[in-house]
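S.K.: One structure coming up, written as structure tokens, with questions to follow.
Values in this text are rule-based calculations from the coordinates and carry no lab data. This one's a predicted model, so the numbers in the text were calculated from it and none came from an experiment. For neighbour counting, all protein chains shown are included, and Cβ atoms are generated from backbone atoms with ideal geometry for every residue, glycine included.
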Amino acid sequence: MNTLARDPKGYYAILGLTPGADINAIKTAYRSRVKTVHPDRNASSRAREEFQRLMEAYAVLRDVVRRAEYDTTGQECQSDDDDIAGDDSIPIACGGCGSVTAQPRYVAYHTVRSFLIWAKTGRLEGIFCRVCADRTAVRASIISWLWGWWSPPGLLLTPLALLRNLFGGSKPRRENARILIRQGRAFLARSEIELAHSLAMQAARFARTPDDRGRVEELLDATRGIDASRRLRSRWRLGGGVFLAQALPLVALPVTALVFFLIATRPWDQPVSTSGSIAMRPPAVGEIRHVAIEGLKVRMAPAAGAPVLTLLDRFTTVEVTSETESAEWVRIRTPAGVDGFVETRSLYAGSGARFKTQWCAENRGATPSTGEVLTRRVSGDHRLLVHNEGRRDGVVKLKTLAGNTVTAFYVPATYHIGVGGIPEGTYRIEFATGSHYSRGCGVFLDEMQAMVMPVTLTFKYISPGTARSLTSIAEVSLSPASNDPVQPQPLSSDRFAADD
């Protein structure tokens with residue numbers, strides 16, 4: 001503690017300390033000093049005398065009240081609180097700023113320091129005024145915030161220390177009762193009756209032993225008859241800027257932990273099961289349903305052997321147009337306007353768009369690698385250079401004029417890749433950009449945009465001699481410059497993934 005202490009008896013000097021050293025330094029110095037001056041180890045003729053002086057000094061300095069009196073008055077103090085040697089009219093000073101306070105408290109604030117696999121707890125303690133107590137609380141909390149989290153025990157001890165500091169630290173009852181009684185006697189001796197009475201009232205809240213309660217009653221009796229309206233208001237209530245400064249980081253701690261947990265687990269990327277959302281019930285005329293199986297046959301009549309009009313992909317949304325005599329069949333209209341009959345059990349309630357999204361997320365699979373060929377139905381000797389200078393990943397498809405995919409490959413954002421094995425022919429160039437590509441559906445789950453180039457790309461057979469002299473390779477940019485005459489045109493996502 002930084003006090004106005006003097007050392008007339010040389011108590012601090014015996015321990016090798018400067019006046020006003022804190023309790024931790026006193027205990028450490030005593031343990032070190034006692035090993036050298038103990039008569040069993042010291043053969044000096046003055047060993048016993050030095051040892052007694054050491055014990056006398058330690059007995060005074062380890063006691064909170066006696067040390068405070070010694071630091072404040074410079075007088076030798078006795079162990080009995082009723083018989084104080086020296087001038088007891090001098091109030092105890094704050095151990096932080098050295099000023100006399102009418103509401104001193106002995107407070108201990110807790111610290112935690114971590115060392116990877118273990119943690120060490122400590123205390124910043126002393127007799128403080130409220131201002132110095134707040135400063136010490138902030139200092140202790142900062143130490144714990146900076147050094148307390150870096151070990152498994154620290155993860156548990158640090159929040160506990162911060163909470164204890166937030167709510168005023170530890171105020172030992174015995175020490176605070178003695179300090180307040182001593183301070184009340186000092187103000188009474190100086191004829192400051194109101195302050196003495198207020199200190200007696202504060203001491204009553206800490207006094208637990210019969211001796212302390214008796215001393216409080218004596219102090220109250222000596223200060224009877226004062227104006228109650230002029231009683232000193234306590235400055236030790238919770239609140240204020242220092243309380244908020246310590247509380248806000250603690251409130252933000254679980255919020256920060258939740259954010260890191262969400263980032264680590266990414267629950268929004270987890271596949272969602274559709275089993276609980278599918279509703280099986282008889283269809284009604286005009287109801288919207290979706291196809292639940294792949295390659296559903298739409299027949300000309302409600303019979304298993306009737307001619308097939310068209311095939312529907314899974315999740316295709318259809319409209320029920322009429323019922324049939326058999327509950328196993330229902331008449332529908334496809335998105336293309338084809339009317340026909342399908343089995344009732346092959347349709348599930350609701351539009352297929354939502355269920356398709358969930359199914360695509362379930363069957364997302366691993367993220368494709370750079371330049372990975374997703375589809376290759378025919379191989380050849382030609383090459384293509386693709387530039388993706390955008391911020392989203394892309395999938396490029398070469399399709400025949402009939403709409404059949406010949407090859408498809410993955411181009412991550414900001415990558416430039418070359419693709420080989422392209423056969424001769426004329427192809428449409430379709431591509432899509434986005435994030436979180438689903439292998440099961442051949443689409444991006446987030447921010448997908450599909451485009452088609454307004455020009456076709458033709459690869460012709462080249463003789464071996466011509467191939468050796470060829471120096472140019474066809475190039476495609478997924479983000480062409482604004483002044484480029486060849487600009488991609490929007491394309492529906494279903495059209496892009498139509499043949500996957």
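S.K.: Once amide H atoms are placed 1.01 Å from N in the peptide plane, what residues at a sequence separation of 5 or more from Arg331, or on another chain, have their amide H within under 5 Å of its amide H?
M.R.: Thr321, Ser322, Thr324
S.K.: What are the ³J(HN,Hα) values, in whole Hz, obtained from phi via the Karplus relation 6.51 cos²θ - 1.76 cosθ + 1.60 with θ = phi - 60°, for each residue of segment 379-391 in sequence order, with x given for Gly and Pro?
M.R.: Whole-Hz 3J(HN,Hα) from phi for segment 379-391: 10, x, 10, 9, 10, 9, 9, 10, 10, 10, 9, x, 9.
S.K.: Also, quick follow-up: Decide, for segment 15-163, between rounded, prolate and oblate: order the square roots of the alpha carbon gyration tensor eigenvalues as a ≥ b ≥ c, take rounded if a/c falls under 1.5, and otherwise choose prolate if a/b is larger than b/c, else oblate. Let's see the in-between values first.
M.R.: Numbers: a/c = 3.26, a/b = 1.29, b/c = 2.52.
In terms of gyration-tensor shape, oblate.
S.K.: What do you get for the angle between helix 173-189 and the principal long axis of the chain? Use alpha-carbon atoms, 0 to 90 degrees, nearest ten.
M.R.: 50 degrees
S.K.: Which of rounded, prolate or oblate describes segment 288-358 when judged by the alpha-carbon gyration tensor and an a/c cut-off of 1.5? Display every interim value, and only then the final one.
M.R.: Values: a/c = 1.80, a/b = 1.56, b/c = 1.15.
Here segment 288-358 falls in the prolate category.
S.K.: Please give the residues of segment 208-228, grouped as numeric ranges, whose backbone N is less than 18 Å from a label point set 7 Å along the Cα-to-Cβ vector of Arg173.
M.R.: Residues 208-217 qualify, since their backbone N sits under 18 Å from the label point.
S.K.: Determine, for each peptide in 317-326, 445-454, the mean count of other beta carbons within 10 angstrom over its residues, then list the peptides with the highest first.
M.R.: Working: 317-326: 15.1, 445-454: 16.7.
In decreasing order of mean packing, 317-326, 445-454 become 445-454, 317-326.
S.K.: Also, quick follow-up: At a Förster radius of 22 Å, what calculated FRET efficiency corresponds to the Cβ-Cβ distance of Thr121 and Leu238, to the nearest 0.05? Before the final figure, lay out each step's value.
M.R.: Working: r = 23 Å, r/R0 = 1.05.
Efficiency computed from Cβ-Cβ geometry: 0.45.
S.K.: A follow-up question, please. Compute the helix-to-body angle for 152-166: its Cα long axis versus the longest principal axis of the chain, expressed 0 to 90° and rounded to tens.
M.R.: Approximately 60 degrees, to the nearest ten.
S.K.: Among rounded, prolate and oblate, which fits segment 173-230 when a ≥ b ≥ c are the square roots of the eigenvalues of its C-alpha gyration tensor, a/c under 1.5 means rounded, and a/b larger than b/c means prolate?
M.R.: On the way: a/c = 1.90, a/b = 1.67, b/c = 1.14.
Verdict is prolate for segment 173-230.
S.K.: Continuing with this model, one more query. Highest mean first, what order results for 244-254, 333-343, 174-184 on Cβ atoms within 10 Å?
M.R.: Numbers: 244-254: 13.0, 333-343: 15.5, 174-184: 24.2.
Going from most to least packed, we get 174-184, 333-343, 244-254.
S.K.: Per DSSP H run of n ≥ 4, the term is -39500 (n - 2.57); total these for the chain, divide by its residue number, and report the mean residue ellipticity at 222 nm rounded to 500 deg cm²/dmol.
M.R.: Numbers: 13 runs with 168 residues, N = 500.
Dividing the helical sum by the residues of the chain leaves -10500 deg cm²/dmol.
S.K.: Per-residue counts of other Cβ atoms within 10 Å, averaged by peptide: what ranking do you get for 489-497, 356-364, highest first? Intermediate values should be presented prior to the final figure.
M.R.: Values: 489-497: 14.6, 356-364: 17.7.
Those peptides, ordered most packed to least, come out 356-364, 489-497.
S.K.: Further, regarding this structure: Cα to Cα, under 27 Å, and not fewer than 8 places away if on the same chain: which lysines meet these conditions relative to Lys297?
M.R.: Lys356, Lys399
S.K.: Against the longest principal axis of the chain, how steep is helix 193-206, in degrees 0 to 90 to the nearest 10, with axes from Cα atoms?
M.R.: 60 degrees
S.K.: Between Val443 and residues 5 or more places away or on another chain, which pairs have amide H atoms under 5 Å apart, with H built 1.01 Å from N, and which residues are they?
M.R.: Ser438
S.K.: Long-range amide H contacts for Arg62: which residues qualify at under 5 Å (H placed 1.01 Å from N, peptide plane, sequence gap of 5 or more or a different chain)?
M.R.: Residues meeting the amide H criterion: none.
S.K.: Right, another one. Run the dipole for the chain about the Cα centre, Lys and Arg Cβ at +1, Asp and Glu Cβ at -1, nothing else charged, and hand back the magnitude in debye, nearest 20.
M.R.: That gives a dipole near 1020 debye.
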